[in-house]
Amino acid sequence: MNIRTKLGQLQLLAILEGISFLSFGLTMPLKYMMEIKGPNYIVGMIHGFLFMAYCLWVLLVHFDRKMPIKKTALLLIASLIPFMTFWAEKKLLKPLQEEELD
């Protein structure tokens, strides 16, 4: 993963967005069952920022690499489903990175 390229940055964002999504899910019980709102607020803000950055980078990579609309749509849908950005990084983005190296 070369984070100097838009594709490498998107791969990193996919992983970070997935981690933040899971973290956000872990802080929900703190907020609603134990009435501890602080962690959920902080993780929610981080997740929101990473979510928007991920979606923006998907579009940047789409236009930069002229990706098929189906792949772009899958990458955007991946941001909405827990664990799916990890799958998208491995199955959709990593092969693009390997093509770049060839």
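A short reminder: the numbers here are calculations on the coordinates, not readings from a lab. The model shown is predicted, which means the values in this text are computed figures rather than measured ones. When we count neighbours, we look across all protein chains shown, and the Cβ atoms used for this are built from the backbone with ideal geometry, even at glycine.
Evaluate E = 1/(1 + (r/R0)^6) for MET52 and LYS94, where r is the Cβ-Cβ distance and R0 equals 22 Å; express this FRET efficiency to the nearest 0.05. Efficiency for this residue pair is about 0.45. Here the contact order of the chain, divided by its residue count and restricted to Cα pairs under 8 Å and six or more residues apart, works out to 35 percent.
Our helix-only sum for the chain, with -39,500 (n - 2.57) per DSSP H run of n ≥ 4 divided by its residues, gives a mean residue ellipticity at 222 nm of -25000 deg cm²/dmol.
Here the Debye sum runs over all C-alpha atoms of the stretch 29-70 as equal scatterers in vacuum, and log10 of I(q)/I(0) at q = 0.35 Å⁻¹ comes out as -1.02. For the stretch 6-95, lysine pairs with C-alpha atoms less than 17 angstrom apart, excluding pairs fewer than eight positions apart on the same chain, total 11. A full extension of the chain between LYS37 and ASN2 corresponds to an added length of 8.9 nm, given 0.36 nm per residue minus the alpha carbon distance.
Computed with the Debye formula from one identical point scatterer per Cα of the chain, without solvent, the log10 of I(q)/I(0) at q = 0.10, 0.11, 0.17, 0.22 Å⁻¹ comes to -0.30, -0.35, -0.72, -1.05. Shown for the chain are the DSSP H helices of 18 Å or more along their axis, judged by Cα atoms, with a mean Kyte-Doolittle hydropathy of at least 0.0: 6-32, 38-65.
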